[in-house]
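Visitor: Okay, handing you the structure first.
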């Protein structure tokens, strides 16, 4: 190695170590010692050196958090240890009952508790092998989740490489990904300024963010992660017998954990913490609706075991939803993209769970009737899950004399068209296909990220386009290039914003048929159904010619879906929409997936990948194995056919030798798949 390259390699390692230290200080210990600008300078220097010396780039470098290209979809992964749910309790008496069950289960054994805030986020599992992050997954159904490694890598609180050198060969930590309030609020301010619809709440927005196929979007959102449990740990650290001891080790390895975790000597002390935390939780920077109480002694957890759904050694205490009284001022009727009319209560402003509430959902008119709602009633309002305000009760004793009941509208409140009740359902719908309120909502949906994905076409801009009569049909979007000067005249739309919007609209013409079918908002045809139809028929023309029998031949398409789709395709509005979109150049076909090349050497074989490879990231080589017909598993057993091993392979290599499983290095693997 030349002197210059050696100096560059040394500086790269020093910069990576320094950046990891600052990530830990900021995200894990909440004790930053440098400014954001100073941090950015370190990252810029590292990027420059890696650009000059690409051979020095490694998968765990801080510059490699964002993937090079969007994913096509998420792979399913099976959790090595199931991610069970936790039973809930809502009162001190129920906590004492839980403690009684623990005491009976443990007999004379002494124990205490660890109590930790319950974050209202998205549960994930992080798997480290040889100190490096190799897999990140959602909880899913508890046994199988989605591989979202590429997205979790972008979260700066998630270490790509563990600190120290005493970590186990395999470490799985379970935790919550969440969106801190200040970052969430700032993102919403930026979205509103850009004319985009704000996110409704941090938890749902976090879930949606983690399912983005483009990790660069995730990287911009300011998510963070905090560990609260663990899965597989091999080998388990010696002299660690308590939860608090294990989590001290996790913190030492750079894993973010709760700074509010508390050891409680008995259940009464835990209850005291529950009562204390009810007020304190309002002051922290994330949503939490309770606390989790866990037996501290790890061995005693094994003694207590679990049911099929939840461990017996822990329980969640959830605070009752906060309620407040307010008076009904009026009821608005919102019309959705499918014509659904939803009643919404306008209220006298009231403070609830730290926010001012002025509106609350009434869900549907069956709920209005159940409540017996009258004009100017005094209502009890609560936040369901501390997020969505809803009306739960009416104080009839405070009703004004002569107050009239709230009645459902006899015609559409937006267009005056006919309304009907869903057959056997609770929803009232406007059935006028030309209803402007429906079209605005459908247009927002059409432009959405998971449909035509038109960058810059947020909710407020869509409303402005419709109000200004610039867009009155889907195809009008694709004629906006001719009305550029009028677009610049819209609120918050300068020349650059307009050009970006027009570029996004033009790019959306190339979306595959599956995206277009989903965007058209045909009842019962969501994204998955659209994908099935597009893959089967390949072109809109074939779909237009398909009768009910042909539609039913598609696996996963039932009679209700087929009838709804056929009715839309046969309608004048449906046919006209397709003709107009085709005329303006919108793609009407679905590209066929290339047939996967198979490998005789890998077909049906079970393969385990361990260690750090030179040419491939963990996901890249596992995807390749699957495409070639192999199966990838996380652990070595007698049934494993091959182990592909890189540097720092760890305990899996030892198990492969123990079971006599063939071990391949990277070169041998590539030679084998070429046969």
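Visitor: Take region 570-587 and flag every residue that is surrounded by fewer than 14 Cβ atoms within 10 Å (Cβ to Cβ), in contact with a helix residue (DSSP H, G or I) (Cβ under 8 Å, 6 or more places away or on another chain) and part of a helix (DSSP H, G or I).
Guide: Scanning region 570-587 gives 575, 583.
Visitor: For region 469-492, name all the residues that are surrounded by 15 or more Cβ atoms within 10 Å (Cβ to Cβ) and without any contact (Cβ under 8 Å) to a residue 24 or more places away in the chain.
Guide: The answer is 470, 476, 483, 486, 487.
Visitor: Right, here's the next one. Of the residues that make up region 87-102, is at least one at pLDDT below 90 and either part of a helix (DSSP H, G or I) or crowded, with 19+ Cβ neighbours inside 10 Å (or both)?
Guide: no
Visitor: May I ask you to list the residues in region 206-244 that are part of a helix (DSSP H, G or I), in contact with a helix residue (DSSP H, G or I) (Cβ under 9 Å, 6 or more places away or on another chain) and either surrounded by 18 or more Cβ atoms within 10 Å (Cβ to Cβ) or in contact (Cβ under 8 Å) with a residue 40 or more places away in the chain (or both)?
Guide: 206, 209, 210, 215, 218, 219, 243, listed by residue number.
Visitor: Hey, among 309, 294, which residue is assigned by TED's automatic domain parsing to the domain that holds residue 222, touching a residue at least 12 places away in the same chain (Cβ under 8 Å) and loosely packed, with under 14 Cβ neighbours inside 10 Å?
Guide: Working: 294 fails: loosely packed, with under 14 Cβ neighbours inside 10 Å.
Of 309, 294, the one residue that is assigned by TED's automatic domain parsing to the domain that holds residue 222, touching a residue at least 12 places away in the same chain (Cβ under 8 Å) and loosely packed, with under 14 Cβ neighbours inside 10 Å is 309.
Visitor: Could you figure out which of (1) in a helix (DSSP H, G or I); (2) over 31 Å from the mean Cα position of the chain (by Cα); (3) surrounded by fewer than 14 Cβ atoms within 10 Å (Cβ to Cβ) isn't true of residue 507?
Guide: Here residue 507 clears every test but (2).
Visitor: Only one of (1) surrounded by 14 or more Cβ atoms within 10 Å (Cβ to Cβ); (2) under 26 Å from the mean Cα position of the chain (by Cα) fails for residue 285. Which number is that?
Guide: (1)
Visitor: Just to be sure, is residue 389 touching a residue at least 12 places away in the same chain (Cβ under 8 Å), surrounded by fewer than 16 Cβ atoms within 10 Å (Cβ to Cβ) and in the same structural domain as residue 363 (by TED's automatic domain parsing)?
Guide: Spelling it out, it is not the case that residue 389 is touching a residue at least 12 places away in the same chain (Cβ under 8 Å), surrounded by fewer than 16 Cβ atoms within 10 Å (Cβ to Cβ) and in the same structural domain as residue 363 (by TED's automatic domain parsing).
Visitor: Sticking with this one: In region 383-414, how many are part of a loop (DSSP other than H, G, I, E, B), modelled with pLDDT of 90 or more and under 18 Å from residue 334 (Cβ atoms)?
Guide: 7
Visitor: Would you call residue 433 touching a residue at least 40 places away in the same chain (Cβ under 8 Å), over 31 Å from the mean Cα position of the chain (by Cα), under 24 Å from residue 526 (Cβ atoms) and surrounded by fewer than 18 Cβ atoms within 10 Å (Cβ to Cβ)?
Guide: It is true that residue 433 is touching a residue at least 40 places away in the same chain (Cβ under 8 Å), over 31 Å from the mean Cα position of the chain (by Cα), under 24 Å from residue 526 (Cβ atoms) and surrounded by fewer than 18 Cβ atoms within 10 Å (Cβ to Cβ).
Visitor: Would you please list the contacts, defined by Cβ atoms under 9 Å and residues six or more apart or on different chains, that run from a residue in region 663-675 that is under 15 Å from residue 606 (Cβ atoms) to a residue that is at pLDDT below 80 and exposed (fewer than 13 other Cβ atoms within 10 Å of the Cβ)?
Guide: Cβ pairs passing all conditions: 664/671.
Visitor: Please determine whether any residue of region 106-126 is under 22 Å from residue 236 (Cβ atoms), in contact (Cβ under 8 Å) with a residue 60 or more places away in the chain, in a loop (DSSP other than H, G, I, E, B) and out of contact with any helix residue (DSSP H, G or I) (no Cβ under 9 Å at 6 or more places or on another chain).
Guide: No: region 106-126 contains no residue that is under 22 Å from residue 236 (Cβ atoms), in contact (Cβ under 8 Å) with a residue 60 or more places away in the chain, in a loop (DSSP other than H, G, I, E, B) and out of contact with any helix residue (DSSP H, G or I) (no Cβ under 9 Å at 6 or more places or on another chain).
Visitor: Would you please list the contacts, defined by Cβ atoms under 6 Å and residues six or more apart or on different chains, that run from a residue in region 539-551 that is in the same structural domain as residue 579 (by TED's automatic domain parsing) and surrounded by 13 or more Cβ atoms within 10 Å (Cβ to Cβ) to a residue that is outside any helix (DSSP H, G or I) and modelled with pLDDT under 90?
Guide: As it stands, the answer is 551/557, since those pairs meet every condition given.
The values are calculated or read from the model by the stated rules, or taken from the named source; none is laboratory data. Here the structure is a predicted model, which is why all the values come from computation and not from measurement. Virtual Cβ from ideal backbone geometry, glycine too; neighbours counted across all protein chains shown.
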